[in-house]
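The values are calculated or read from the model by the stated rules, or taken from the named source; none is laboratory data. These numbers come from a predicted model, not from an experiment. Here the Cβ positions follow ideal geometry from the backbone for every residue, glycine too, while neighbour counts run over all protein chains shown. For accessibility, only protein heavy atoms count, side chains too; no ligands or nucleic acids. Shrake-Rupley method; radii C 1.70, N 1.55, O 1.52, S 1.80 Å.
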Amino acid sequence: MTSIPLRDVLSVPDDFFPQGSAQSRDRVGLVSGDPEQPIRRIHAAVDPTLAVIHEARDAGADLIITHHPLLLRGVHSVATTSARGAAVTSLVVGDVALYVAHTNADVAEPGVNTALAAACGLTSTEPLTIEEGRPMGRVGDLDEPVSPADFAARLAQALPSAPAGIRVAGPLDGVVRRVALSGGAGDGLIGAAAAAGADVYVTSDLRHHPALEAREEAATTGGTPFLVDAGHWATESLWLGEMLQRLGESLEAAGHDVVGLETHVSTICTDPWSFTVGARPDLGDPQ
């Protein structure tokens, strides 16, 4: 069965998503594993949760590539009495390597945000803003204007379904032509979306106060941007399949035998929400 040393496999995502392009607060790269260990099956997911790790181990994976870090903040113990400790132990005991591409995958082209842009119906985009010398988010124009309701419905069709669905702050019958977006928690870029003239801003994990303040401000300046909260997992899972395909193609181009190399994108929804109840019917924007 085909196997490729981990060191050679990771030279590809290191090229796709240079670790130096990650934000200064980030923790990316190899988390567990031996650079010389053989890789035969690669698992990709948004989050390195215990369920994802167990799924990968059950499938015989040697490497997991995730978007979100397992050890973003400092830890003082990896005992199995904590979730992160149990995750680290499961990786090590199972001889499974873990590699993270986070904000360095956000800014890449192609990467997290370009995949989300395609799901939004955009064929051409530019950076929404620049932070730490790196492009953050994307902004572009739809071929034809649509209503916020139609835009959200089309986006829901393009994204994997999650229990919390998509939340929209805006009227049902407005006009959406210019779209700004940022995968993940992006409420810090609402101002940049407004400055870019966006009619709608798509992100996830919008907090109450920044979103409410943005809609209050928008009411005094024409009503835009409308806000779409589409969830972490849905907005950040789209790039994984494309990444794995490019990974295989690059390894083959480098002379590796990839005939037996297996890849899989996890379908486990790692959003923390399990279900919703009591949602009101669509009433549109109160503004």
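Tell me, what is the FRET efficiency for Asp34 and Ala158 to the nearest 0.05, using R0 = 30 angstrom and their Cβ-Cβ distance as r? Spell out each step's value before the answer.
Working: r = 39 Å, r/R0 = 1.29.
Here the calculated transfer efficiency is 0.20.
Return one whole number: the accessible area per residue of segment 157-226 in Å², for a 1.4 Å probe. Mind dumping the intermediate values first?
Working: 3310 Å² over 70 residues.
Roughly 47 Å² per residue, with all protein chains present.
Take every pair of alpha-carbon atoms less than 8 Å apart whose residues are at least six positions apart; their mean separation over the length of the chain yields a relative contact order of 20 percent. Solvent-accessible area per residue in segment 69-142 equals 44 Å², computed with a 1.4 angstrom probe and all protein chains kept. Relative to the longest principal axis of the Cα atoms of the chain, helix 83-93 runs at roughly 30 degrees. Working from Cα positions, state the angle (0 to 90°, nearest 10) between the long axis of helix 6-16 and the longest principal axis of the chain. Once rounded, one gets 20 degrees. Computed over segment 192-287, the alpha-carbon pair-distance distribution with 5 angstrom bins reads 2, 9, 14, 15, 13, 11, 10, 8, 6, 5, 4, 1, 0, each value a whole percent.
Comparing Ala180, Ala119, Ala195 in a Gaussian network model of the chain where C-alpha atoms under 10 Å apart are linked, the largest mean-square fluctuation is found at Ala195.
Dipole of the chain computed with +1 at Lys/Arg Cβ and -1 at Asp/Glu Cβ about the Cα centre; of Gln245, Gln23, Ser124, farthest Cα towards the positive end is Gln23.
For segment 118-154 versus segment 157-185, the spacing of their alpha-carbon centroids is 11 Å. Listed peptides 181-188, 42-49 appear in the order 42-49, 181-188 once ranked by packing, highest mean of other Cβ atoms within 10 Å at the front.
Simple rule: put +1 on each Lys or Arg Cβ and -1 on each Asp or Glu Cβ in segment 129-287, find the dipole, and look at Ser182, Ala198, Pro225; the Cα lying farthest toward the positive end is Pro225. The angle between the Cα long axis of helix 208-219 and the longest principal axis of the Cα atoms of the chain comes to about 40 degrees, rounded to the nearest 10. The magnitude of the dipole of the chain, with charges of +1 and -1 set on the Cβ of Lys/Arg and Asp/Glu and taken from the Cα centre, is near 560 debye.
At 0.36 nm per residue, minus the direct Cα-Cα distance, what do Thr221 and Arg207 gain on full extension? Give it in nm, one decimal, please.
Values: separation 14, 0.36 × 14 = 5.04 nm, distance 2.14 nm.
Between Thr221 and Arg207, full extension yields 2.9 nm more.
Note on Thr81 and Val175: their simple-model spin labels are 6.3 nm apart, each label 7 Å out from Cα toward Cβ. In segment 45-128, the inverse of the mean reciprocal separation of distinct Cα atoms equals 14.4 Å; this is its Kirkwood hydrodynamic radius. Rolling a 1.4 angstrom probe over the chain with all protein chains present gives an accessible area of which 51% lies on carbon and sulfur atoms.
In this label model, Glu242 and Ser147 are separated by 3.0 nm, measuring between points 7 Å along each Cα→Cβ vector. Choose one of Thr89, Gly165, Ser147: the residue whose Cα lies farthest towards the positive end of the charge dipole of segment 65-174 (beta-carbon charges +1 Lys, Arg; -1 Asp, Glu; about the Cα centre). Of the candidates, Thr89 comes out farthest on the positive side.
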